[in-house]
Amino acid sequence: MKEKLKNNKFMIALILVVVVALAAIAGSAFSSNSETVASVDGNKITSDELYDIMAAQYGSSIVDTLITNKVIELEAEKQGVEISDEAIEEELNEFIESYGGEDSFNSALEYSGITLEDFKYDIEIYLMTVELMSPDIEITEEEMETYFEENSADFAQAEEVRASHILVEDEATAQEVLDKINAGEDFAELAAEYSTDSTAENGGDLGFFGKGKMVEAFETAAWALEVGGVSDIVQTDFGYHIIKVTDKQEAAEAVYEDCKEEIKDILIEEEMNANYSTWLEELKAEYDIKNTFES
């Protein structure tokens, strides 16, 4: 279920944004004076019209989402399930990492019109669901061993290199930076001063990456370096790079004992994904739910 919900988090959070909009519109739609939200050649478009259209398109799904979230919140309270701020932040950081960093993540939020608080709320509901469902799921050693045998290649350690870079827009600046590095100045400090991309604040650190993950010229230069080595100027479509390799990892076959906990988490998530709809309907049946939206 984790992967399923993660893949849909932006969609769910977007629905929550629409809920906020509907709530605001509803306040004026049911008031005595409908507000004008736009006009064309003096012809008014009112909040009543906007509400009617949005309610028709999104109303049922939004109300169902609100009911689901409320049921999960009430059940979590009943069972004493509390989600810490630290747990929410940890999950949030996983999302940020999967989007390639804070800049990319924030851009995705901004593009979708989603607030960070909406996103965190959705994470909290997800974590509540995990806590409520997982105690009823039992994974056997045999199931884990079978999964490992069928997917061992996914757990193998690929050969990877860790590198930092300094990216600038022109060759003259790149040469200036390279001269300073050769003169003994600190690479990370120069990255913070000169680099034009988001890695500057982290000393240019790109983390570990395998072959085929970077553009050809960058990859060729990085993999040719020894740990601690610094490249000459490397030109790509992004600009001019100076690369420093900081670590390397050799390829290694997967070992079952090292993967057990990860495999168990995966199998639990698969079980939750398969049983979520049934679990939710059974849970809803325990609550007195009245939905008057379409009545």
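The values are calculated or read from the model by the stated rules, or taken from the named source; none is laboratory data. All values derive from a computational prediction rather than experimental measurement. All Cβ positions, glycine included, derive from the backbone under ideal geometry; neighbour counts span all protein chains shown. In case anyone asks, the SASA skips ligands and DNA or RNA and just uses the protein heavy atoms, side chains included. Shrake-Rupley method; radii C 1.70, N 1.55, O 1.52, S 1.80 Å.
What are the residues in segment 250-263 that are in a helix (DSSP H, G or I) and either open to solvent by 70 Å² or more (accessible area, probe 1.4 Å) or touching a His at 6+ places or on another chain (Cβ under 7 Å) (or both), if any?
Filtering segment 250-263 for residues in a helix (DSSP H, G or I) gives 256-263.
The answer is GLU257, ASP258, GLU261, GLU262.
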Selection count, segment 84-136, where residues are within 14 Å of the chain's Cα centre (by Cα) and β-branched (Val, Ile, Thr): 5
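Restricting to segment 188-198, give me the number of residues that are without any contact (Cβ under 8 Å) to a residue 60 or more places away in the chain and assigned to a helix (DSSP H, G or I).
Of the residues in segment 188-198, 7 are without any contact (Cβ under 8 Å) to a residue 60 or more places away in the chain and assigned to a helix (DSSP H, G or I).
Residues in segment 161-175: is at least one in a helix (DSSP H, G or I), surrounded by 14 or more Cβ atoms within 10 Å (Cβ to Cβ) and among the charged types (D, E, K, R)?
To start, the set of residues in segment 161-175 that are in a helix (DSSP H, G or I) comprises 171-175.
Pick out the ones that are also surrounded by 14 or more Cβ atoms within 10 Å (Cβ to Cβ) and you get 173-175.
Filter again for among the charged types (D, E, K, R), leaving none.
Looking through segment 161-175, none of the residues is in a helix (DSSP H, G or I), surrounded by 14 or more Cβ atoms within 10 Å (Cβ to Cβ) and among the charged types (D, E, K, R).
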So if I check each of ILE242, ILE266, which one is surrounded by 14 or more Cβ atoms within 10 Å (Cβ to Cβ) and under 28 Å from the mean Cα position of the chain (by Cα)? ILE266
Pull out all pairs, ordered by first then second residue, where Cβ-Cβ is under 7 Å, the residues are six or more apart or on different chains, the first lies in segment 147-172 and is more than 26 Å from LYS248 (Cα to Cα), and the second is of a type outside the set (A, V, I, L, M, F, W, C) and open to solvent by 70 Å² or more (accessible area, probe 1.4 Å). GLU169/THR196
Residue in segment 37-48 that is among the basic types (Lys, Arg), in contact with a strand residue (DSSP E or B) (Cβ under 8 Å, 6 or more places away or on another chain) and farther than 30 Å from ASP197 by Cα present: yes
Residue identified as closer than 30 Å to PHE208 by Cα and open to solvent by 80 Å² or more (accessible area, probe 1.4 Å) among GLU89, GLU102, GLU94: GLU102
Which numbered condition GLU282 misses (of (1) free of Cβ contacts under 8 Å to residues at least 60 places away in the same chain; (2) exposed (fewer than 14 other Cβ atoms within 10 Å of the Cβ); (3) within 26 Å of the chain's Cα centre (by Cα)): (3)
Among the listed residues GLU185, GLU138, GLU201, identify the single one that is assigned to a helix (DSSP H, G or I) and open to solvent by 40 Å² or more (accessible area, probe 1.4 Å). GLU201
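Take the conditions open to solvent by less than 50 Å² (accessible area, probe 1.4 Å), on the phi > 0 side of the Ramachandran plot and either free of Cβ contacts under 8 Å to residues at least 60 places away in the same chain or outside any loop (DSSP other than H, G, I, E, B) (or both) and apply them to GLY207. Does it pass?
Working: open to solvent by less than 50 Å² (accessible area, probe 1.4 Å): yes; on the phi > 0 side of the Ramachandran plot: yes; either free of Cβ contacts under 8 Å to residues at least 60 places away in the same chain or outside any loop (DSSP other than H, G, I, E, B) (or both): yes.
Taking the combined requirement at face value, the residue satisfies it.
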For segment 210-236, give me each residue that is open to solvent by 70 Å² or more (accessible area, probe 1.4 Å) and either among the basic types (Lys, Arg) or in contact (Cβ under 8 Å) with a residue 24 or more places away in the chain (or both). LYS211, LYS213, ASP232, GLN235
